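Written below as structure tokens is the structure these notes are about.
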Amino acid sequence: MFEVSKKIMSVVKVSAPGKIILTGEHSVVYGYPAILASVDKRLSVQIQKSTKSLTVAPAFAHGFVKKGMRIFEKAVDGKINRNLRVKFESNILIGRGMGSSAATSVSLAAALLKYFRNEWNLKEINSVAYEMEKLHHGNPSGGDNTTSTYGGFLWFRKESEKFKIFSEINIKKKIPRLFLVDSGKPKETTKDMVFFVKDLYKKNPKKIEKILCELGDITNLFLKYLLKEERVSFPGLLRENEHMLEKLGVVSSSTKKVIRKIEDIGGSAKISGAGGKTGASGVIIAYHSNPVRLKSLAKNLGLNIFGLKLGKGGVKLE
Ligand code: MEV
């Protein structure tokens, strides 16, 4: 048990970034590497002492905060006073593969550690956040929360539940200017999509293992591209990656149509994150040598498009 009263702060505000997955979604759950990058969209949480019992804004996050607090208590082996006002603010799209849930877990874990223990330790924040991520996703790889914690470009690999390796990538080759096209919020959650792939794997292990292995190869090539160790076509990598994700069945037919249209005008694109099967599939990472063409296509299709900066800082105190 720790003594809350000696360490408690009066108010703490923390923010954490969202992420995109450049390559390796789904295959990362099976031990293949992924490359992720933090983005310039952030979520913040403020924790403040209150005379009343726990209030959370927005209210839909109440259940998550309550469960998150139990996880925190378990991690620090202590009991906390729940008379708190917790307020989230965010400009990360929710449920679209941009790491909104990871940023929620990371910022809550960091804020609780700071508020109750006056501690700021990225390893500890990431480990508590990973436990919170399981509330959202069941069996996450841990890549999303690790990227939101540390920021930057990360090579990440989950060897087992308790053993994950990651390394910041010191980019030698500039990534071309990328855009996100919002295909919309998928009907399926990340948890549903991870379960869907697990089920496919059980039914057809050979076929699925082959796809996952090819996704792993694409990640290796991507790394070589970023480190300028091999001449690889960036648009080609995006296209190949998308092709394998479609083979896996995690891209809906309406999203495939959008991606084909991007390819038809000479661009390339892939989904980022868990995807979606029956409706939309979240954000699409899109590249075109002439962004004006990409923007006007998105406009014609009635889809939101926005630019983004990659590799921004991880969790921080505000
Ligand atoms: C979710 O952003 C990415 C997945 O690979 C799941 C995970 O890594 O936990 C689909």
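The values are calculated or read from the model by the stated rules, or taken from the named source; none is laboratory data. The model shown is predicted, which means the values in this text are computed figures rather than measured ones. Ideal geometry is used to build each Cβ from the backbone, glycine not excepted, and the neighbour counts take in all protein chains shown. Remember, those area values only see protein heavy atoms, side chains included, never the ligands or the DNA or RNA. Shrake-Rupley method; radii C 1.70, N 1.55, O 1.52, S 1.80 Å.
Mean shadow of the stretch 1-85, computed from the convex hull of its alpha carbons, in nm²? Present the calculation step by step, with values, prior to reporting the outcome.
On the way: hull surface 31.0 nm².
Mean shadow area of the hull around the Cα atoms is 7.7 nm².
Taking only the alpha-carbon positions of the stretch 110-233 and ignoring solvent, what does the Debye formula give for the base-10 log of I(q)/I(0) at q = 0.15, 0.16 Å⁻¹?
Evaluating at q = 0.15, 0.16 Å⁻¹ gives log10 I(q)/I(0) of -0.99, -1.10.
Using alpha carbons only, how many angstrom separate the centre of the stretch 51-74 from the centre of the stretch 222-273?
39 Å
On a full-extension model of 0.36 nm per residue, what is the gain between ASP77 and LYS187, subtracting their alpha-carbon distance, rounded to one decimal in nm? Please list the in-between numbers first.
Values: separation 110, 0.36 × 110 = 39.60 nm, distance 3.75 nm.
Extra length from ASP77 to LYS187 when fully extended: 35.9 nm.
Which value, to two decimals, describes the C-alpha radius of gyration of the chain once divided by 2.2 N^0.38 Å?
Working: Rg = 19.8 Å, N = 318, 2.2 N^0.38 = 19.6 Å.
Its radius of gyration relative to the 2.2 N^0.38 Å reference: 1.01.
Taking K and R as +1 and D and E as -1, what net charge do the other residues with C-beta under 11 Å from the C-beta of HIS243 add up to? It would help to have the intermediate numbers written out before the result.
Details: positive: ARG239, LYS247, LYS256, LYS270; negative: GLU214, GLU240, GLU242, GLU246, GLU263.
Once all neighbours under 11 Å are counted, the net charge is -1.
With Cβ to Cβ distances under 10 Å as the rule, what net charge do the other residues near GLY152 carry (K, R +1; D, E -1)? It would help to have the intermediate numbers written out before the result.
Values: positive: LYS312; negative: GLU168.
Result for the local shell: 0.
Give the lysines whose C-alpha is closer than 16 Å to that of LYS277, dropping any in the same chain fewer than 8 places away, or say none.
The reachable lysines, counting only those whose Cα sits under 16 Å from LYS277, are LYS185, LYS187, LYS191, LYS198, LYS247, LYS256, LYS257.
At 1.4 Å probe size, with no ligands or nucleic acids counted, give the accessible surface of LYS134 in Å², nearest ten.
Rounded to the nearest 10, the figure is 60 Å².
Any idea what % of Cα-Cα pairs in the stretch 179-245 are farther than 19 Å?
50 percent
Relative to the first principal axis of the alpha-carbon coordinates of the chain, what is the inclination of helix 205-226, with its axis defined by its Cα atoms, in degrees from 0 to 90 and to the nearest 10?
Computed tilt is about 90 degrees.
Computing the accessible area with a 1.4 Å probe over protein heavy atoms, can you report the carbon and sulfur percentage for the stretch 233-318?
Numbers: 1770 of 3640 Å².
Solvent-exposed carbon and sulfur of the stretch 233-318 make up 49 percent of the total.
Running Debye on the stretch 39-166 with equal point scatterers at the Cα sites and no solvent, what base-10 log of I(q)/I(0) appears at q = 0.11, 0.17, 0.18 Å⁻¹?
Taking Cα atoms of the stretch 39-166 as identical point scatterers yields -0.35, -0.86, -0.97.
Could you state the accessible area per residue of the chain in Å², with a 1.4 Å probe and every protein chain left in place?
On the way: 14590 Å² over 318 residues.
With the other protein chains kept in place, the chain gives 46 Å² per residue.
As a test of the definition: which semi-axes, in Å, follow for the stretch 238-318 when you take the square root of five times each eigenvalue of its alpha carbon gyration tensor? Largest first, please.
Equivalent ellipsoid semi-axes, largest first: 22, 18, 12 Å.
For the stretch 200-285, what is the Kirkwood estimate of the hydrodynamic radius, computed as the reciprocal of the mean inverse distance between distinct Cα atoms, to one decimal in Å?
Working: mean 1/r = 0.0734 Å⁻¹.
Roughly 13.6 Å, rounded to one decimal.
Using a Gaussian network model of the chain whose springs link C-alpha atoms within less than 10 Å, name the residue from GLY216, GLY143, GLY78 with the highest mean-square fluctuation.
For the chain, modelled as a Gaussian network with Cα springs under 10 Å, the answer is GLY78.
I'd like the Karplus ³J(HN,Hα) series for the stretch 88-102: coefficients 6.51, -1.76, 1.60, θ = phi - 60°, whole numbers in Hz, and an x wherever there's a Gly or Pro.
Working through the residues one at a time gives 9, 9, 7, 10, 9, 4, 8, x, 10, x, 9, x, 5, 5, 5 Hz.
Leaving ligands, DNA and RNA out of it, work out the accessible area of LYS228 with a 1.4 Å probe and give it in Å² to the nearest 10.
140 Å²
Tell me the GluC sites (Glu not before Pro) within the stretch 186-255 that lie in a loop according to DSSP and have at most 13 other beta-carbon atoms within 10 Å. Walk me through the numbers before you get to the answer.
Numbers: sites: GLU188, GLU209, GLU214, GLU229, GLU230, GLU240, GLU242, GLU246; in loops: GLU188, GLU229, GLU230.
Answer in residue order: GLU229, GLU230.
Averaging sequence separations of C-alpha pairs under 8 Å and six or more residues apart, then dividing by the length of the chain, give the relative contact order as a whole percent. All intermediate terms of the calculation are to be shown ahead of the outcome.
Details: 681 pairs, mean separation 81.4, N = 318.
Normalised by residue count, the contact order of the chain is 26 percent.
In the stretch 58-125, carbon and sulfur make up what percent of the accessible area (probe 1.4 Å)? The partial results should precede the final answer.
Working: 1500 of 3030 Å².
That fraction is 49 percent.
So what is the relative contact order for the stretch 116-164, in percent, with contacts set as C-alpha pairs under 8 Å and at least six apart?
Numbers: 23 pairs, mean separation 14.5, N = 49.
Once divided by the residue count of the stretch 116-164, the mean separation gives 30 percent.
Can you check what the Kirkwood hydrodynamic radius comes to for the stretch 94-167, Cα pairs only, in Å to one decimal?
Details: mean 1/r = 0.0808 Å⁻¹.
Every distinct Cα pair counted, the radius reaches 12.4 Å.
For labels at ARG85 and LEU227 in the simple 7 Å Cα→Cβ model, what's the distance in nm?
With each label placed 7 Å out from Cα toward Cβ, I get 5.0 nm.
Please report, in cubic angstrom per residue, the volume enclosed by the convex hull of the alpha-carbon atoms of the stretch 20-60. Working shown, then result.
Numbers: hull volume 5.8 nm³, N = 41.
Spread over its residues, the Cα hull of the stretch 20-60 gives 140 Å³ apiece.
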